[in-house]
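The values are calculated or read from the model by the stated rules, or taken from the named source; none is laboratory data. Predicted model only: the values in this text are computed from it and were never measured. Quick reminder, even Gly has a Cβ in these numbers, built from the backbone with ideal geometry, and neighbours come from all protein chains shown. Only protein heavy atoms, including side chains, enter the accessible area calculation; ligands, DNA and RNA are left aside. Shrake-Rupley method; radii C 1.70, N 1.55, O 1.52, S 1.80 Å.
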Amino acid sequence: MSRFYVTTPIYYVNDVPHIGHAYTTIAADTLARYYRLRGRDVFFLTGTDEHGANVAQAAAAHGKSPQEYADEINAAFRAAWQSLNISNDDLLRTTSARHEAGVRAFVQELYDRGEIYKGRYEGMYCVSCEKFMTEDELVEGKCPNHQREPVWYAEENYFFRLSKYCDILTRAIEDPGDLNHFEVEPPARRNEVLGKLRVGLSDISISRANLPWGIPLPFDPSQTTYVWVDALLSYITGIGSEKRTEQFKRYWPADVQLMAKDILWFHAIIWPAMLIGAGLPVPRRVYAHGYFTINGQKMSKTLGNVIRPQQLIDRFGVDGARYLVLSAFPFGTDGDISIDNFVEAYNADLANDLGNLLNRTASMINRYFQGSVPAPEGKPNELDADLQATAAATFPVMEQAIDALAYSDALAAAWQLVGRANKYVEENAPWALARSDRARLATVLYNLAESLRLIAYAIYPVMPQTAAAIAAQLGFEFQTKGAWEQMVAWGGYPAGATVTGKPQPLFPRLQ
Ligand code: MSP
């Protein structure tokens, strides 16, 4: 069975989760659920980034020790992922013993291989980015991402020989035949990274002399590991890199590492260079999705427009929230989110299109056949054939879209079938057939139930509870084990299945 390893960034514990974090995590969860359904051996890792000046300062502002504060926010992340029905296999904390040991082992390895040397760092540092800044990155003396003045550092540090990886990384990205080949996606982001590589790379400081909240360097415990080096390593310490466990051998390199474009630099440049430096394989795919604004504005505490995952869940339900964020705009591009648009999309796509289709199908099966439809008889007519053709076309499109991380396209393919099935109801007018042609009525209702069974498979990765609810209401078993081709082939709805009681609306209409 082929394995599939997917990661999200590990999120800073300087604040409780917001829907930006949820966005990437739902996207990763969708991949994990989809490939599990396809029979792959999936490992899905997320985590929390708990060291560094950023977290230390947030803790101090709350009158807590960094560890106390990290414990609290870590718990909030866990709770958020649970309520969003995220199926992560593990959640790595950078303050865990297994991670710290893994970081020490890795940094020592780089040191032993001559990849690290001692030098003097002088320059600017944005604490919010946890990033060394150059003069030309600043706008009016401030970090453009955080509107915050960087601090000046002048200290003895250890440096990683990043500069020597410029050509190595360019080749690794450009040449599919290269030993270290990895994909940077989408294309616009790849071009950006290649453009930066053409300018050249400088060595980077990978330790801090005066920041106790971090992992001491094994070869000089007076310094702590730079928080980004610490954080990136979670992707391998989380699967047992230190002891080279079976799990590590099985899952590394990662198949897809997800993040937004804000931190692509670390993932497409520093991370692969560190891995190559330590003699390890690089991830197969690094995908930087877009960044979204809220009503055209950057989400920020100062503006007071931060949306928490629970707010979306309260309003739209878990699957509603998952659907809305992934369908709002294409994954690879920037986008804008607004609650008004969410309400509109919820009512149109979920309450009306999908919700009504299930509701009327189940109700008619109850009304006309006491809750169980016989198998269709005879040859499909033109309308049936067209419905079946739409169903058959759904899966190749969905499969390709998910492989390409084009979530909104995958959902659009499913909704194509929802739309076709709703039209099929109108075209066949079952209420009229009930008086004139019961055999035809049975065929029509069977085909609708079967369409909904297929819709359940098509939406499952994004909307697992809804898929289960459709199965429960229509009385079929939603199988997660088995051959995919068979699961999504037309005709799997068990004729005579019993529709359960009075249908419950999946998505109550919102005002
Ligand atoms: N701790 C680092 C990551 C270390 S990974 C080795 C970090 N943490 S973060 O908490 O700031 O999370 C940044 C990530 O959150 C983004 O890359 C993205 O995945 C997600 N997002 C945060 N805000 C977002 C938007 N407004 N839009 C899209 N994604 C968002 O950086």
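Yes/no per residue for (1) at pLDDT 95 or above; (2) within 16 Å of the ligand (Cβ to nearest atom); (3) crowded, with 22+ Cβ neighbours inside 10 Å:
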residue: I10; (1), (2), (3): yes, yes, yes
residue: T25; (1), (2), (3): yes, yes, yes
residue: Y35; (1), (2), (3): yes, no, yes
residue: R38; (1), (2), (3): yes, no, no
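Does N210 count as surrounded by 15 or more Cβ atoms within 10 Å (Cβ to Cβ), more than 16 Å from the ligand (Cβ to nearest atom) and either in a loop (DSSP other than H, G, I, E, B) or on the phi > 0 side of the Ramachandran plot (or both)? The answer is no for N210.
Only one of the listed residues (G52, G47) is surrounded by 23 or more Cβ atoms within 10 Å (Cβ to Cβ), farther than 30 Å from I337 by Cα, near the ligand (Cβ under 9 Å from one of its atoms) and not hydrophobic (A, V, I, L, M, F, W, C). That residue is G52. Could you check, for the stretch 461-471, whether at least one of its residues is open to solvent by 40 Å² or more (accessible area, probe 1.4 Å) and farther than 18 Å from Y34 by Cα? The answer is no, given that none of the residues of the stretch 461-471 is open to solvent by 40 Å² or more (accessible area, probe 1.4 Å) and farther than 18 Å from Y34 by Cα.
Within the stretch 62-90, residues that are within 25 Å of G240 (Cα to Cα) and in a helix (DSSP H, G or I) sit with their Cβ atoms under 9 Å from residues that are open to solvent by 40 Å² or more (accessible area, probe 1.4 Å) and hydroxyl-bearing (S, T, Y), at 6+ positions apart or across chains, in these pairs: I73/Y12.
In the set (1) open to solvent by 30 Å² or more (accessible area, probe 1.4 Å); (2) in contact with an Asp or Glu (Cβ under 8 Å, 6 or more places away or on another chain), A401 fails one condition alone, (1). Here A61 meets the list (1) open to solvent by less than 60 Å² (accessible area, probe 1.4 Å); (2) farther than 21 Å from I206 by Cβ almost entirely, failing just condition (1).
Name the single residue, out of those in the stretch 217-233 being without any contact (Cβ under 8 Å) to a residue 60 or more places away in the chain and away from the ligand (no atom under 16 Å from the Cβ), that is least open to solvent (accessible area, probe 1.4 Å). For the stretch 217-233, the residue satisfying everything is S222. Being in contact with a Phe, Trp or Tyr (Cβ under 8 Å, 6 or more places away or on another chain) and open to solvent by 50 Å² or more (accessible area, probe 1.4 Å): is that true of Y111 here? For Y111, the condition - in contact with a Phe, Trp or Tyr (Cβ under 8 Å, 6 or more places away or on another chain) and open to solvent by 50 Å² or more (accessible area, probe 1.4 Å) - is met.
Residue-by-condition table, conditions (1) closer than 23 Å to E100 by Cβ; (2) open to solvent by less than 10 Å² (accessible area, probe 1.4 Å); (3) more than 9 Å from the ligand (Cβ to nearest atom):
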position	(1), (2), (3)
Y235	yes, yes, no
Q247	yes, no, yes
L258	no, yes, no
H267	yes, yes, no
A278	yes, yes, yes
V286	no, yes, yes
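Looking at the stretch 162-175, can you tell me whether even one residue there is within 16 Å of the ligand (Cβ to nearest atom), of a type in the set (V, I, T) and open to solvent by less than 10 Å² (accessible area, probe 1.4 Å)? No, there is no match, as no residue in the stretch 162-175 is within 16 Å of the ligand (Cβ to nearest atom), of a type in the set (V, I, T) and open to solvent by less than 10 Å² (accessible area, probe 1.4 Å).
Do we find that I239 is among the β-branched types (V, I, T), open to solvent by less than 10 Å² (accessible area, probe 1.4 Å), farther than 21 Å from K164 by Cβ and more than 21 Å from the chain's Cα centre (by Cα) in this structure? So I239 does not fit the description; no.
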